Every structure is written in structure tokens, then in C-alpha cells.
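Only one structure is covered here, and it is reproduced in the block below.
The values are calculated or read from the model by the stated rules, or taken from the named source; none is laboratory data. Note that this is a predicted model, so its numbers are computed, not measured. Cβ coordinates were reconstructed from backbone atoms using ideal geometry, including for glycine residues, and neighbour counts include every protein chain displayed. When the accessible area is computed, the model is the full protein with side chains, heavy atoms only, and any ligands, DNA or RNA have been set aside. Shrake-Rupley method; radii C 1.70, N 1.55, O 1.52, S 1.80 Å.
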Amino acid sequence: MSIETLSERADELREKGLSTREICQELHLSRATVEWLLARQASEPGDRPPADVKVGWRSIGVSGLRMRAIAEIMADIILEEQAQHDFEIEVIAGVMANGVPLGTLLSDILEVDFAMVRPSREDTTINFASNYAGFDGKQVIIADDVVSSGSTSREVIEFVKQEGGEPVLVIVVINKRAENDLDGVPLRALVRARPVGT
């Protein structure tokens, strides 16, 4: 996708009322990149966007079979982490929106409870859906699609702790960070994608 197309898409999403954070989640781009696109710096000659990796996983997301295959791989990684770090797998917390289908499939594969977390928006606070599992006294695995800056995952980690749970692992499809943990919680991904030189 070209810079011009990304800039137009970011503007469309802003016009629909999405916050900067929601645009980041929708486009799978870092906050710095989205802010750059929204500031229209993308159209200035010679100006370059911040280093980032655009993630598109529609080829997977449109198919339940493909999503299940990805979840099977993620479950295998979770079991590997469990063997290395000796934790219980009690709750899978799917982060809205893209972590929910993965989290649901993981909870089925691993035969554990499922929780759904709604990250904060510019006018709301983080919360979880009360129709699903809670966190109190449980060891929790956080499932999402992409980690860029890590701000959403950090928010979820803190929320799980506030709700009496113990976050033991963050598992994602793509990690755009160099680090292997977030605030002391191990971070694992199917793919690490980083620009060269960062």
C-alpha cells in the first residue's frame, strides 16, 4: 500500500470518528506513523515517514480454517513457554478487536476460559466484557494480532493485574518490537518484523 493510499485511509478513518489509537489498530501502524500520516506530512516532497512495518493479514482473517491454523501454532508456542516458565494456562484474554477471534480459538484448543478485553479509547477506559471469564486469582495469557509500540499490551497487562490476575505471557501474530518482554511479561510472536537499522 502506498504512502498516499495510507494517508487517504487514515483521513477517512478520522472522518468516521476514529481516534488516533483506533486508526493505529485498524491500519496496524505505530502511533508515530499514523500521526505523521494525519499531519499530511506524507504529501510533502522529500519527507519520509517514521520507520514502521505495515501489517496486513486479511488473507488469514477471512478464513476460519486459516485462523484456526494460526491459533494452533500460537497454542504450540504457549505450551513451549509454559514448559520453560512453569505457569498455569487458566485464561486467554483476547484483546479487541483482532485478538478476540485468536483468543477464542486458543481457549478452545487449550481448553481454558476465555476473557475479552476492550482497550481504552480517547473517551473511554479499559474494561472487559462481563459475559466472559474474569481474571481474579488466575494466570492470564494475553492474545492479540500485532504489537507495535506495546502501549495496548501494557495497558492490558496493568488491567489484568488490577483485576487480581497474573499476566504470564503476551502472544501475538506479529511483533514489531526488538524486546522479548513487556513490563516483565514474556512476549512471543509468530513473526518479528522490524525495519532494518532499528
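Protein chains only, probe 1.4 Å: how do Ile141, Ile3, Ile73 rank by accessible area, largest first? Walk me through the numbers on the way to the answer.
Details: Ile141 0, Ile3 55, Ile73 85 Å².
From most exposed to least exposed: Ile73, Ile3, Ile141.
Give me the angle, in degrees from 0 to 90, between the Cα long axis of helix 64-85 and the longest principal axis of the Cα atoms of the chain, rounded to the nearest 10.
60
Quick one: putting +1 on the C-beta of Lys and Arg, -1 on the C-beta of Asp and Glu, what dipole do you get for the chain around its Cα centre, in Debye to the nearest 20? Walk me through the intermediate numbers first.
Details: 21 positive and 33 negative charges, 131 e Å.
For the chain, the charge dipole is close to 620 debye.
Expressed as a whole percentage, what fraction of the accessible surface of the range 44-179 belongs to carbon and sulfur atoms when a 1.4 Å probe is rolled over the protein heavy atoms?
Details: 3050 of 6610 Å².
Accessible surface attributable to carbon and sulfur in the range 44-179 totals 46 percent.
Helix 151-162 versus the longest principal axis of the chain: what angle, 0 to 90°, nearest 10, using Cα atoms?
Compared with the principal axis, the helix lies near 30 degrees.
Compute for the range 77-135: radius of gyration divided by Kirkwood radius, i.e. Rg/Rh, restricted to C-alpha atoms, rounded to two decimals. Could you put the intermediate results ahead of the total?
Values: Rg = 12.6 Å, Rh = 12.2 Å.
Answer for the range 77-135: 1.03.
Can you give the FRET efficiency for Ala178 and Asn127, using 1/(1 + (r/R0)^6), R0 = 35 Å, r = Cβ-Cβ distance, to the nearest 0.05?
Details: r = 31 Å, r/R0 = 0.87.
Once rounded, the FRET efficiency stands at 0.70.
So what's the angle, to the nearest 10 degrees on a 0 to 90 scale, between helix 3-15 and the longest Cα principal axis of the chain?
Its long axis makes an angle of about 70 degrees.
Using only Cα atoms, what Kirkwood radius does the range 79-189 have, in angstroms? List each step's numbers first, then the result.
Details: mean 1/r = 0.0736 Å⁻¹.
Roughly 13.6 Å, rounded to one decimal.
Taking amide H positions as placed in the peptide plane 1.01 Å from N, state which residues far from Val53 in sequence (5 or more) or on other chains have amide H under 5 Å from it.
Amide H to amide H, under 5 Å and 5 or more residues apart or across chains, Val53 pairs with Ser30.
Of Phe114, Val147, Gly134, which is farthest along the charge dipole of the range 19-155 in the positive direction, counting Lys and Arg as +1 and Asp and Glu as -1 at C-beta?
Val147
Label points 7 Å out from Cα along the Cβ direction at Val191 and Ser149: separation in nm?
It works out to 2.3 nm between the two label points.
What distance in nm lies between label points placed 7 Å from Cα along the C-beta direction at Ala83 and Ala51?
For Ala83 paired with Ala51, the spin-label model returns 3.4 nm.
Taking all pairs of distinct Cα atoms, average 1/r, flip it, and tell me the Kirkwood hydrodynamic radius of the chain in Å to one decimal place.
Details: mean 1/r = 0.0575 Å⁻¹.
Taking every pair of different Cα atoms in the chain, averaging 1/r and inverting gives 17.4 Å.
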